[in-house]
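Notes follow the structure.
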Amino acid sequence: MDTVKKLALSRDLDDGELSALISSDRFDGELREQADAVRRKVYGDAVFIRGLVEFTNYCKNDCYYCGIRRGNKNAERFRLTADEILACCEEGHALGFRTFVLQGGEDPFFDDGTLCGIVSSIRERFPDSAVTLSVGERSRDSYLELYRAGAERYLLRHETADNAHYGRLHPSVMSAENRKKCLFDLKEIGYQVGSGFMVGSPYQTVENIVCDLRFLKELDPDMIGIGPFVTHSETPFANFESGSAELTLRLLSILRLMFPHALIPATTSLGTVSPTGREDGLRSGANVVMPNLSPVRVRNKYLLYDGKICTGEESAQCVACLDARVRSAGYRIVTDRGDVRRDGGSV
Ligand code: SAH
């Protein structure tokens, strides 16, 4: 049996077979076809939308790849107030969003009390909507409080599952071990958890990617976010090339086959390295898009990487543009919380 069929049937392969799939473009057509078939079986042509609110770009960390790292003295810092965050959600709700993703740097200003207050006000005001947090590594107690305040989902990419590679992307105060511990804490508390990694990050090898896939199998997340590494000129990785759309698309298909039920976004970074990146992502197995709901005045300040798309548009414009892209790819946006369908579909 050929490798792609085997992957579709067994949802896994041995390391050698996975490496071969990752390293070659030979299987891309078949991978994409199989991934789309599986995605349609579980989720039909639905594309879930998540309203992204980038609410602070202050960060205490110094990740070598990230434009809002503490060491970037040229980043113009901003923080939204609770009222501003609620106003973004209000606008998003009117546009059909039923999930709000609050993302930010690791900003100590947003301590548990402050963040819990924001989460609970959103849940009170929009009881039909889910709140997803993406604010990095915190203590188990903190995750528990936020869960009790009404956050049901958490996005925390593991970035790379290999300890040595992790050490080349982050200062030594950070560790893959702690990041993984956070993910298991979140899962144990009851969050729907999302993880993932950057594609083509500096020093990444095929073996590292296999290790990422193995870690994801172990974690079994509900959501998986991958996107190409994109160079930021004011980071230590200014001279590294961005990751490729091609490899990202191949990995999206592999992920769909390994995790038929996962919610997988076609990311902004994919749309940044290729003009049709998000449409191609959807055709390769992704089933989520995350339009930006942040106020226009701060959009061009949340710059994780250079050339980020959609930084000048109003939320409504962003949604209309994405809606057209989703349709052109052959799918349709649904107004729904878009919870994971572990029992849905017949895969
Ligand atoms: N502070 C939060 C949110 C980080 S930003 C946290 O730690 O989870 C969200 C994601 O953007 C990161 O997890 C990382 O994978 C991605 N990212 C950061 N810099 C990037 C870059 N230069 N290119 C592509 N993706 C990047």
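A compact table of results
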{"quantity": "When each of Lys6/Lys187; Lys41/Lys217; Lys5/Lys41 is checked by Cα-Cα distance, pairs over 19 Å", "calculated": "Lys6/Lys187; Lys41/Lys217"}
{"quantity": "22 Å tail of the calculated P(r), the range 221-343, as % of Cα pairs", "calculated": "37"}
{"quantity": "Reachable lysines from Lys301, criterion Cα separation under 18 angstrom, eight or more residues apart if same chain", "calculated": "Lys60, Lys73"}
{"quantity": "Solvent accessible area, Å² - Arg297, 1.4 Å probe, full protein context", "calculated": "130"}
{"quantity": "Relative contact order of the chain, pairs being alpha-carbon contacts under 8 Å that are 6 or more residues apart, as %", "calculated": "25"}
{"quantity": "Taking the C-alpha atoms of the range 24-116, convex hull volume expressed per residue in Å³", "calculated": "174"}
{"quantity": "Long-range Cα-Cα pairs in the range 160-267 (distance over 21 Å), rounded percent", "calculated": "37"}
{"quantity": "For the range 1-60, the fraction of alpha-carbon pairs in successive 10 Å shells from zero, as %", "calculated": "18, 35, 20, 21, 7, 0"}
{"quantity": "Antiparallel DSSP beta bridges within the range 54-175, as percent of all bridges there, nearest 5", "calculated": "10"}
{"quantity": "Base-10 log of normalised Debye intensity for the range 48-171 (one unit scatterer per alpha-carbon) at q = 0.15, 0.17, 0.21, 0.23 Å⁻¹", "calculated": "-0.73, -0.90, -1.23, -1.37"}
{"quantity": "Distance-filtered residues of the range 185-212 - backbone nitrogen under 14 Å, label point 7 angstrom along Glu177 Cα→Cβ", "calculated": "none"}
{"quantity": "Surface accessible to a 1.4 Å probe, Arg11 within the full protein complex, Å²", "calculated": "70"}
{"quantity": "Stokes-Einstein diffusion coefficient of the chain, Kirkwood radius over Cα pairs, 20 °C, 1.002 mPa s, in µm²/s", "calculated": "107"}
{"quantity": "Cys residues of the chain counted as unpaired, since no other Cys beta-carbon is under 4.7 Å", "calculated": "Cys59, Cys88, Cys89, Cys116, Cys182, Cys211, Cys310, Cys318, Cys321"}
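The values are calculated or read from the model by the stated rules, or taken from the named source; none is laboratory data. Given the structure is predicted, the values throughout are model-derived calculations rather than measurements. Quick reminder, even Gly has a Cβ in these numbers, built from the backbone with ideal geometry, and neighbours come from all protein chains shown. Side chains are part of the model used for accessible areas, which takes the heavy atoms of the whole protein and leaves out ligands, DNA and RNA. Shrake-Rupley method; radii C 1.70, N 1.55, O 1.52, S 1.80 Å.
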